[in-house]
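First up is the structure itself, then whatever we jot down about it.
The values are calculated or read from the model by the stated rules, or taken from the named source; none is laboratory data. Computed from a predicted structure; not experimentally measured. A quick note on method: Cβ atoms are made from the backbone with ideal geometry, for glycine too, and the neighbour counts reach across all protein chains shown. When the accessible area is computed, the model is the full protein with side chains, heavy atoms only, and any ligands, DNA or RNA have been set aside. Shrake-Rupley method; radii C 1.70, N 1.55, O 1.52, S 1.80 Å.
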Amino acid sequence: MANGLSNHLLRASIVYALLGMALGLHMAASHDHAQMPTHAHLMLFGWVGMTIYAGVYRLWPTAAESALARIHAGVAHLALVGLTGGLSLVYAGEIPLGEPIATVSSLALFANMALFGWIVFRATGRDAAAG
């Protein structure tokens, strides 16, 4: 189970990296870099963040065994899609539509990082106490 969640997040990170790179290539080809913040958030939270989550869940398999870890992974996906979608709308000029989506998604990402912190602290506390 633990490796399944880790594998899922690692594979997702590759998909997000490819999407972010495709957006970067589109911006370069079109000479329109208005979506640079969207690109940056997709690469950071999608590629880097998901890869880190995958690595932590692989290195500390006990962290991936709880229902909280699955909730964390699901919220990470939803919040990332919401944030990049909201930012995309904002930087396309649709501020009244995109801003609330980006705001709620940012708050969800923040709360989800706190959840991830809780999961990590619990898992590493058990490991530290045992070893």
Query raised in the report: Quick one: would you say Ile101 is open to solvent by less than 50 Å² (accessible area, probe 1.4 Å) and over 21 Å from Ile14 (Cα atoms)?
Result: no
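Condition first: charged (D, E, K, R) and more than 30 Å from Met27 (Cβ to Cβ). Can you find one or more residues in the range 65-88 that meet it? Outline the logic, then answer.
The initial filter retains those residues of the range 65-88 that are charged (D, E, K, R), namely 65, 70.
Filter once more, keeping what is more than 30 Å from Met27 (Cβ to Cβ): 65, 70.
Taking every residue of the range 65-88 in turn, at least one turns out to be charged (D, E, K, R) and more than 30 Å from Met27 (Cβ to Cβ).
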Query raised in the report: Can we say Glu65 is of a type in the set (D, E, K, R), open to solvent by 60 Å² or more (accessible area, probe 1.4 Å) and more than 20 Å from Ser6 (Cβ to Cβ)?
Result: no
Query raised in the report: Do we have Ala123 as at pLDDT below 95, in a helix (DSSP H, G or I) and surrounded by 17 or more Cβ atoms within 10 Å (Cβ to Cβ) here?
Result: yes
Report summary line: Listed by first then second residue, the pairs whose first member lies in the range 40-69 and is on the phi < 0 side of the Ramachandran plot, whose partner is assigned to a helix (DSSP H, G or I) and among the basic types (Lys, Arg), with beta carbons under 7 Å and at least 6 positions apart or on separate chains, are Thr62/Arg126
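For the range 17-36, give me the residue count where each residue is open to solvent by less than 50 Å² (accessible area, probe 1.4 Å), in a helix (DSSP H, G or I) and of a type outside the set (Gly, Ala, Ser).
Applying the first criterion (open to solvent by less than 50 Å² (accessible area, probe 1.4 Å)) to the range 17-36 yields 17, 20, 23-24, 27, 34-35.
This time we only want the ones that are in a helix (DSSP H, G or I), so: 17, 20, 23-24, 27.
In the following step, the residues that additionally are of a type outside the set (Gly, Ala, Ser) were identified as 23, 27.
Count: 2.
Conditions tested, residue by residue: (1) among the basic types (Lys, Arg); (2) open to solvent by 30 Å² or more (accessible area, probe 1.4 Å); (3) closer than 19 Å to Thr124 by Cβ.
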position: Ser6; (1), (2), (3): no, no, yes
position: Val15; (1), (2), (3): no, yes, no
position: Thr38; (1), (2), (3): no, no, no
position: Leu44; (1), (2), (3): no, yes, no
position: Trp47; (1), (2), (3): no, yes, no
position: Val75; (1), (2), (3): no, yes, no
position: Leu83; (1), (2), (3): no, no, no
position: Tyr91; (1), (2), (3): no, yes, no
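Go through the range 68-105 residue by residue and tally those that are hydroxyl-bearing (Ser, Thr, Tyr), farther than 24 Å from Leu5 by Cβ and part of a helix (DSSP H, G or I).
Residues meeting the conditions: 2.
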